[in-house]
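Written below as structure tokens is the structure these notes are about.
The values are calculated or read from the model by the stated rules, or taken from the named source; none is laboratory data. None of these values were measured; they are calculated from a predicted model. Note that we place each Cβ from the backbone using ideal geometry, even for glycine, and neighbour counts take in every protein chain shown. With ligands, DNA and RNA removed, areas are computed over all heavy atoms of the protein, side chains included. Shrake-Rupley method; radii C 1.70, N 1.55, O 1.52, S 1.80 Å.
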Amino acid sequence: MGTIRSFEDYQEQYKKSIEDPEAFWATIAGEFQWRKKWNKVLEWDFHKPEVKWFIGGKLNITENCIDRHLPQRAKQTAIIWEPNNPKDEALHITYQQLSEEVGKTANMLKAQGVKKGDRVCVYLPMIPQLAYTLLACARIGAVHSVVFAGFSAKSLIDRITDAGSTIVVTADGGFRGDKTINLKGIVDEALEKCPDVSRVIVYEHTKTKAPMKVGRDLWWHEEIKKVNAQCPAEEMDAEDLLFILYTSGSTGKPKGMVHTCGGYMVYTNYTFRTAFNYEEGQVYWCTADIGWITGHSYILYGPLSAGATTVMFEGVPSWPDWGRFWQAIERHKINIFYTAPTAIRSLEKAPISFVESHDLSSLKVLGTVGEPINEEAWNWYDKNIGKGKCPIIDTWWQTETGGFMISPIAHATKLKPAFATLPLPGVQPAVMNESGLEIKGNNIEGRLTIKFPWPSMARTIYGDHQRFKDTYFSTFPGKYFTGDGCKRDEDGYYRITGRVDDIIIVSGHNLGTAEIESAITEHKNVVETAVVGFPHDIKGQAVYAFVILHDKPGNDETLRGEIRETVSKIIGPIAKPDKIQFVSGLPKTRSGKIMRRILRKVAEGDTANLGDTSTLLDPAVVDEIKAGAL
Ligand code: WT7
């Protein structure tokens, strides 16, 4: 499908994609290497729900990300690895080397008995072996299930158990700025509760002491020596599982979103090329971690299937100083730079000399993702990083959508700060009111749904199709409900206003209030708690916890510290509450449901207008909560 170079091109492609979606996607899919062509493009029913794309098509995504590039690009860099410490050398991994490393890794997994359909748990820092492992799984038809290497042992247990993984690939440790994280230690702790895991492969990275359990644990560097680099790709059905990736839900249990091979490949490739207006030879850097969907779709699969050069960065933006990103952009002559609003806001606070001392003239396109970007951050990014000449591609999408949904197209869409702008070709949004009717026309506000399938949408929640239906297809029957609110302005442009459910987005990470609440109540002195989000300068939103205690201890701060530590241990440091208010009761309705609306207002500091409190069991608790607000 032709590149989009103007707004007219966009309008034309969008029109085609709506009038005849099957023909539209068949043309794009036709550009890939299939072992066998599909018989039918699409079958769908959002009531069941069931969605299938490229039915009967056979392929292997790694043949499209690696093998088909080799004739022209064997020597081109596929991955640039930028280490945590800028004094260490960056690695340039060519497509040829990638092919060999993935082949070896795949053979190493096979030698451990990993077969098509097995779920491999991956708990690795941002090192090339993470990319090799994912692609190796895809090569042999195993399903990768990546757990972000900042998550706790408890999170690992939940995900390993839910996915039924019997093998874990990890490292001794990972670097994050001046800290070293003992990953193997966390894995060992988790595996005490995961008796079915019979194999752990450990990559030696930080030289952190890692006790190896005989019969279970193997060193990567020893096993990889035993295999060769040739690994034939497994033939996969378009609808076979490619990976599972967990995201927070509004109940405590994380949801294992299932993505399949064909549609995911086609869509991440198309959206990557289109939204960023990617041109042959460009160097592209997405600063996300591969532990999130952004890294899966837009560090690995999208860019590699497009034959791009993609950067993997192990470190953090603030170490050794706040110039780390800008220095790396200069060093690698980055053309497309994609990051999160929370990173922009924290970088904005640092002296501007950190930006000005670097040559950013290679930049052509900027992007953001993860949460709504406020106008102020947008303008700072535009002026100081893009120097007023790089479009900012504000991509709205979700773990569940697999790829960009509403986003400007570089050099084609007229931008508006803080607007994700318009749906990409193939995406059909519908804005709904609370009574479940579609609101037509412009200058409106409501809940964002999508009424027609797109190729990379999640197919189910692993092991729980009913929950998939309940969460996404029941609020507005026949439509996919995103959980987000939005506005559509006079030009038909979309502005995402944030979650309308019990999900808080902290520094671009999606956290369920129920998950945090259940962690807090693990503290022995906590009776009950309710958690809400509140606006935060840098993180976008932060966690505010209202906590009822068994007995009031001498020192509140010590207790707050302990509660934060508990959350950090159970979920991970990102979920720690910024504010903890001790209360004697929570505002509950007669049916026992906590009225979070009230708590949200208190947390936001907006106590003047709490709305109707008449259905509360005990309205007096509200006064106490208001008086003690932090
Ligand atoms: C939620 C999905 C998609 C990868 C990162 C997060 C929010 C995401 C934007 C944006 C406004 C955004 C939404 C969405 N969100 N991108 N550009 N503008 N909001 O993936 O963890 O699945 O979170 O992030 O609320 O529903 P995720």
Express in whole angstrom the spacing between the alpha-carbon centres of region 212-255 and region 1-51. 30
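What percentage of the solvent-accessible surface of region 441-510, computed with a 1.4 Å probe over protein heavy atoms, is contributed by carbon and sulfur atoms?
Here carbon and sulfur together make up 42 percent of the probe-accessible area.
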Could you sort the peptides 281-287, 450-456 by per-residue average Cβ neighbour count (10 Å cutoff), highest mean leading? 450-456, 281-287
Within straight cross-link reach of Lys209, meaning Cα distance under 17 Å, which lysines are found once same-chain residues fewer than 8 apart are removed? Lys179, Lys184
Checked the chain against the a/c 1.5 cut and the a/b vs b/c comparison, axes a ≥ b ≥ c from its Cα gyration tensor; verdict rounded
For Trp53, Trp397, write out the residues from largest to smallest accessible area, computed with a 1.4 angstrom probe and no ligands counted. Trp397, Trp53
With the cut-off at 1.5 for a/c, could you classify region 384-489 from its C-alpha gyration tensor as rounded, prolate or oblate? oblate
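Set the bar at 28 Å for Cα to Cα. Now go through Lys349/Lys389; Lys58/Lys115; Lys416/Lys539; Lys37/Lys469; Lys58/Lys253 and name every pair that lies beyond it.
With Cα atoms farther than 28 Å apart: Lys37/Lys469; Lys58/Lys253.
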Just flag the trypsin sites (Lys or Arg not before Pro) in region 317-418 sitting in loop per DSSP whose Cβ has no more than 15 other Cβ atoms within 10 Å. Lys333, Lys349, Lys387, Lys389, Lys414
Taking the Cα centre of the chain as origin and charging only Cβ (+1 Lys, Arg; -1 Asp, Glu), how large is the dipole, in debye to the nearest 20? 760
Computing the accessible area with a 1.4 Å probe over protein heavy atoms, can you report the carbon and sulfur percentage for region 27-113? 47
When a/c reaches 1.5 or more, the comparison of a/b and b/c decides; with that in mind, is region 503-627 rounded, prolate or oblate per its Cα gyration tensor? oblate
Give the accessible surface of the chain per residue, rounded to a whole number of Å², with probe radius 1.4 Å and ligands, DNA and RNA excluded. 38
Output ³J(HN,Hα) for region 335-351: one whole-Hz value per residue in order, computed from phi by the Karplus curve 6.51 cos²θ - 1.76 cosθ + 1.60 with θ = phi - 60°, and x for Gly and Pro. 9, 10, 10, 10, 9, 10, x, 5, 5, 4, 5, 6, 5, 5, 6, 7, x
Please sort by residue number the trypsin sites (Lys or Arg not before Pro) in region 491-581 whose DSSP state is loop and whose Cβ has at most 12 other Cβ atoms within 10 Å. Lys524
Furthest towards positive pole of dipole, Ile503, Phe534, Ser568, structure part region 503-627, Cβ charges: Ile503
Report ³J(HN,Hα) in whole Hz for each residue of region 416-433, in order, from the Karplus equation J = 6.51 cos²θ - 1.76 cosθ + 1.60 where θ = phi - 60°; Gly and Pro get x. 9, x, 6, 10, 6, 6, 10, x, 6, x, x, 9, 10, x, 9, 9, 10, 8
With unit charges on the beta carbon (Lys/Arg positive, Asp/Glu negative), name the residue among Gly446, Leu98, Asn555 whose Cα is farthest towards the positive pole of the charge dipole of the chain. Leu98
Just the projected area, averaged over all directions, of the convex hull on the alpha carbon atoms of region 236-357: how many nm²? 9.4
Given unit charges at Cβ for Lys, Arg (+) and Asp, Glu (-), the dipole magnitude of region 503-627 about its Cα centre in debye, nearest 20, is 260
